[in-house]
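Visitor: Take a look at the following structure, please.
The values are calculated or read from the model by the stated rules, or taken from the named source; none is laboratory data. Predicted model only: the values in this text are computed from it and were never measured. Note that we place each Cβ from the backbone using ideal geometry, even for glycine, and neighbour counts take in every protein chain shown. Accessible surface is based on the protein model in full, side chains and every heavy atom, while ligands, DNA and RNA are left aside. Shrake-Rupley method; radii C 1.70, N 1.55, O 1.52, S 1.80 Å.
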Amino acid sequence: MSDGAKGPSPATRAITAGRSQQGSSLTPPLWATSVWQTAGLDDTRKRATASRADNFYSRYANPTVRAFEEAIADLEGAEDALAFASGMGAVASVVFGLCSSGDHIVAARQLYAGTNAFLLGPCARMGITVTWVDGTEPGAFTAAVVPGKTMLVIAESPSNPRLDLVDLDELGAITGPFTLVDSTFATPIGQQPIGHGVDIVLHSATKGICGHNDATLGVIAGPRELLAELWAYAVLHGACASPFDALNGLRGVRTLAVRHRHQSTTALELAVAMSSHPGVNAVHYPGLPDHPQHELAARQLTSMPAQLAIDLAGGVDAARVTLDSLRVARSATSLGGPETLVCHPATSTHVSLLPEDQAAIGITDGLLRISVGLEEPADIIADLCQAIPS
Ligand SMILES: *Cc1c(COP(=O)(O)O)cnc(C)c1O
């Protein structure tokens, strides 16, 4: 559907965006080069000193990567985007690009464990302090901001692994520090945080954006000037995106809307089926009407996530049996791809967290995260139903 005044809808823009680098070719050329020849000293100097200089050296910029960045900026309604070698490359570059020793960060407890570990380890070592808040608690981020000292507020919504939501309007209304939302679980089709006033949106494009489990890629989108500043740091940090992965990222963008809608519809069907399974104690999916944040989800998500989490009555033993009994779905940690993947966060994605920190964000020993794939919905549902012990 297109929204008259606003122009083409995201599904259409996913097809039209990011084409300025490819001429009349329908897909962008793969610029598999690390370096370009220059026209002598003056030209070299110009390229070496330009912000985000194209056609100079691929750590600075690459036309294939640029095509992917343009597409993401378009979909997020942002002025610009900047791609990285991975989601964590993006996280590390933003945090170290903005924060210095003595600065303060407010972060949601509900975070990807790699981001959590980065804030606890390297940041602490560099003298950057962090206040942890419950991202689902109204007003928690705002209350934790220390004026003049807080440089960055980091949230993730929907969060990994339990799909908890952060109120994006509330986050976007914070003034002073920069606000960042890791929007990986939503994808640029499911929500657009910048429209809520958030400064930076971040994706592990490894997940739903690339969408085929065949690339490792990260991306941020936000104001042009801020991204130019972050680029100046990112060039030194060196976690630049590979043109090959960016090409796969752009290919993923083209089919993102249809994949995401399909997976999201299946995820809701699976969530409903799981709700009546005798071996399941609780289902965490914001698309379910009885989810505690369903109203907020309906307000800020333009389509529901392709992931859900379930709490097994039989704890870790039931989780082990389930993973061993899958026939269609697979035991693996990633998400957003064509294969339905099931993981046990307590012993995989979030194994680095202390038991009390796992408990604080609802990671029980019976919690399974499911990333719904593109198999026939009935096959996915039947598989999970047979695998989970009653
Ligand atoms: C996977 C993931 C990341 C890290 O991305 P990589 O591409 O694996 O570095 C960050 N945030 C979320 C929510 C993720 O799921």
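Visitor: How much accessible surface area, in Å² rounded to 10, belongs to the heavy atoms of Y60 with a 1.4 Å probe?
Guide: 60
Visitor: By how many nm would the segment from S51 to A298 grow when fully extended, if each residue of separation counts as 0.36 nm and the alpha-carbon distance is taken off?
Guide: So the extension gain works out to 85.0 nm.
Visitor: Enter the Cα centre distance for the pair segment 343-358 and segment 8-75, rounded to the nearest angstrom.
Guide: 39
Visitor: From Cα pairs below 8 angstrom and at least 6 apart in sequence, can you work out the relative contact order of the chain, rounded to a whole percent?
Guide: Relative contact order for the chain comes out at 17 percent.
Visitor: Test of understanding: in a Gaussian network model of the chain with alpha carbons linked when under 10 Å, which of I128, I220, I200 would top the mean-square fluctuation ranking?
Guide: I128
Visitor: Each label point is 7 Å from the Cα along the Cα-to-Cβ direction; what then is the distance between the points at A232 and A173, in nm?
Guide: For A232 paired with A173, the spin-label model returns 3.4 nm.
Visitor: Probe of 1.4 angstrom, ligands and nucleic acids ignored: what's the accessible area per residue over segment 75-234, in square angstrom?
Guide: Per residue, segment 75-234 has an accessible area of 30 Å².
Visitor: For the chain, with the dipole built from +1 on Lys and Arg beta-carbon atoms and -1 on Asp and Glu ones, taken about the Cα centre, which of I174, T184, P305 lies farthest toward the positive end?
Guide: With unit charges placed on the Cβ atoms, the residue in question is T184.
Visitor: In degrees between 0 and 90, to the nearest 10, how far off the longest principal axis of the chain does helix 243-275 point, with axes built from Cα atoms?
Guide: The helix 243-275 is inclined about 20 degrees to the chain.
Visitor: Measure off 7 Å from each Cα along the Cα-to-Cβ vector at V272 and R125, then give the distance between these two points in nanometres to one decimal.
Guide: Result: 5.0 nm between the two label points.
Visitor: Using only protein heavy atoms and a 1.4 Å probe, report how much of M126 is accessible, in Å² to the nearest 10.
Guide: So the heavy atoms of M126 present about 90 Å² to solvent.
Visitor: Under a GNM of the chain (C-alpha, springs under 10 Å), which listed residue has the highest mean-square fluctuation: A282, A360, A71?
Guide: A360
Visitor: Of all the accessible heavy-atom surface of the chain, with the other protein chains kept in place and a 1.4 Å probe, what percent is carbon and sulfur?
Guide: 56
Visitor: Fully extended, how many nm does the chain gain between A382 and T12 (0.36 nm per residue separation, minus their Cα-Cα distance)?
Guide: Working it through step by step, the gained length comes to 129.8 nm.
Visitor: Looking at the chain as a GNM with Cα springs under 10 Å, which of A73, A107, A298 has the largest mean-square fluctuation?
Guide: Its mean-square fluctuation being the largest, the pick is A298.
Visitor: Let me ask something else. Could you tell me the center-to-center distance, by alpha carbons, between segment 286-332 and segment 179-218 in angstrom?
Guide: Here the two parts' Cα centres lie 19 Å apart.
Visitor: Using only Cα atoms, find the angle between the long axis of helix 315-325 and the longest principal axis of the chain, and express it within 0 to 90 degrees, rounded to the nearest 10.
Guide: With both axes taken from Cα atoms, the answer is about 80 degrees.
Visitor: Oh, and also: Once you have all Cα-Cα distances for segment 53-177, histogram them in 10 Å bins from zero and send the whole-percent values.
Guide: Taking every Cα pair in segment 53-177, the percentages come to 12, 37, 35, 15, 1.
Visitor: Oh, and also: In debye to the nearest 20, how big a dipole does segment 1-102 give about its Cα centre with +1 on each Lys and Arg Cβ and -1 on each Asp and Glu Cβ?
Guide: That gives a dipole near 220 debye.
Visitor: Sticking with this one: Can you give the Kirkwood hydrodynamic radius of segment 300-385 from its Cα pairs, in Å with one decimal?
Guide: Hydrodynamic radius (Kirkwood, Cα only) of segment 300-385 equals 13.4 Å.
Visitor: While we're looking at this one, here's another question. Across segment 13-113, what fraction of all alpha-carbon pairs, as a whole percent, falls in each successive 10 Å bin from zero upward?
Guide: Answer for segment 13-113: a P(r) of 12, 33, 33, 17, 4, 0 percent.
Visitor: If I take all pairs of Cα atoms in segment 114-250, what percentage of them are more than 21 Å from each other?
Guide: Looking at segment 114-250, the distances longer than 21 Å represent 46 percent of pairs.
Visitor: Just the Cα atoms of the chain, one point each, no solvent: what log10 I(q)/I(0) does Debye give at q = 0.06, 0.09, 0.11, 0.14 Å⁻¹?
Guide: After summing over all Cα pairs, the log10 values are -0.23, -0.51, -0.77, -1.21.
Visitor: Can you send over the solvent-accessible area of S93, 1.4 Å probe, protein chains only, in Å² to the nearest 10?
Guide: 0
Visitor: Which order do W231, W132 take by accessible area at a 1.4 Å probe, largest first?
Guide: I get W132, W231, largest accessible area first.
Visitor: Compute the angle between helix 377-387 and the longest alpha-carbon principal axis of the chain, please, reported from 0 to 90 degrees and rounded to the nearest 10.
Guide: 50
Visitor: Can I ask one more? In what order, largest first, do S331, S348, S159 sit by accessible area if the probe radius is 1.4 Å?
Guide: Per-residue accessible area, sorted high to low, gives S331, S348, S159.
Visitor: Can you tell me the FRET efficiency between L354 and D317 if r is taken as the Cβ-Cβ distance and R0 is 30 Å, rounded to the nearest 0.05?
Guide: 0.85
Visitor: For T266, T347, T364, give me the order by solvent-accessible area with a 1.4 Å probe, most accessible first, ignoring ligands, DNA and RNA.
Guide: Descending accessible area places them as T347, T364, T266.
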